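Structure first, then comments.
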Amino acid sequence: MQYCKKCRISIRGNKSCCPLCQGELTGEPTQDAFPCLEHRKLSKVSVLKIVSFCFAAVEIAFLALYFLLNIRMLWIPLTMAGVVILWLDLVIGMYYRNNVVRNIAVQIYLAMAVCFVTDRFTGFHGWSVQWVLPCCFVGLAVTIMAVGKGMGYALEDYILYLAADMILANCQLIFLVLKMNSFVWPAVICLVFVWIMAAAALIFRFRVLKQAASKNFHL
């Protein structure tokens, strides 16, 4: 411990001079009584708040531009919608950053919803239900299995996401029954694919499916 002969006090820590008289210290320095605190790093919540504020500012700017212009331009509301979608994409990515399979599933569902709404409000040419939805449902199932296997997950950890994809894929029956899908081949192939997968899961992996449901839903 350091010592000041003039003030006759012992000083803990590593000081270059006496804090009272600025005189010379003798003795060996010791560890500070109060450790130096590191500067707090920017948390993920703070980053999310900053990003959200930036997106909100952009939205307000585009909204003001839309009402200030005498001619209503379609690209402005489309850009605003794109900004909202991009913000949702970032929020979802940050929220599910520790669960890769769930992150991918939610992102693809969001993309499918955006495509369907876009098709619906631009005259509904049918491209969303004819191609986007079938391809996304099949692609999501393949991606979940590939990621699950590649990252060494147990089947119990991602089989529920496959089950959800199989169940939601049957929503395409609504468009087929209502004659909203004029080119049915991709949708029918997708349904056949998910039905075969569902049959395989129920016959060969029913116990794993039951364990996963019990684990996640406390059944």
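The values are calculated or read from the model by the stated rules, or taken from the named source; none is laboratory data. Note that the structure is predicted; figures quoted are calculated from it, not measured. When we count neighbours, we look across all protein chains shown, and the Cβ atoms used for this are built from the backbone with ideal geometry, even at glycine. In case anyone asks, the SASA skips ligands and DNA or RNA and just uses the protein heavy atoms, side chains included. Shrake-Rupley method; radii C 1.70, N 1.55, O 1.52, S 1.80 Å.
At a glance:
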| item | result |
| --- | --- |
| Other-chain or far-sequence residues with amide H under 5 Å of Leu25's (modelled H) | Cys18 |
| Relative packing of 112-120, 7-15, which averages over residues the other C-beta atoms within 10 Å, highest first | 112-120, 7-15 |
| Electrostatic dipole magnitude of the stretch 47-150 [Cβ: Lys, Arg +1; Asp, Glu -1; Cα centre; debye, to 20] | 200 |
| Residues of the stretch 151-167 with amide N under 16 Å of a point placed 7 Å along Cα→Cβ from Leu88 | none |
| With every protein chain in place, the chain: carbon and sulfur % of accessible area (1.4 Å) | 68 |
| Residue-normalised accessible area of the chain, given per residue in Å² at a 1.4 Å probe | 69 |
| From the coordinates shown, P(r) over Cα pairs in 10 Å bins from 0, in percent corresponds to which of (1) 9, 35, 37, 17, 2; (2) 7, 27, 32, 20, 10, 3, 0; (3) 7, 20, 20, 17, 10, 8, 8, 7, 4, 0 | (3) |
| Label-to-label distance, nm, for residues given as Lys5 and Leu63 (7 Å Cα→Cβ offset) | 7.4 |
| Trp195-Arg102 FRET efficiency (beta carbon distance; Förster radius 35 Å; 0.05 resolution) | 0.90 |
| For Leu78, solvent-accessible area (1.4 Å; no DNA, RNA or ligand), Å² | 110 |
| Amide H contacts under 5 Å for Ile11, placed H, 5+ residues apart | Gln2, Tyr3, Cys4 |
| Lysines whose Cα lies under 20 Å from that of Lys5, excluding same-chain neighbours fewer than 8 positions away | Lys15 |
| Extension gain, Arg205 back to Val188 (0.36 nm per residue minus Cα-Cα distance, nm) | 3.7 nm |
| Calculated diffusion of the stretch 125-180, Stokes-Einstein form, Kirkwood radius summed over Cα pairs, 10 °C and 1.306 mPa s, µm²/s | 129 |
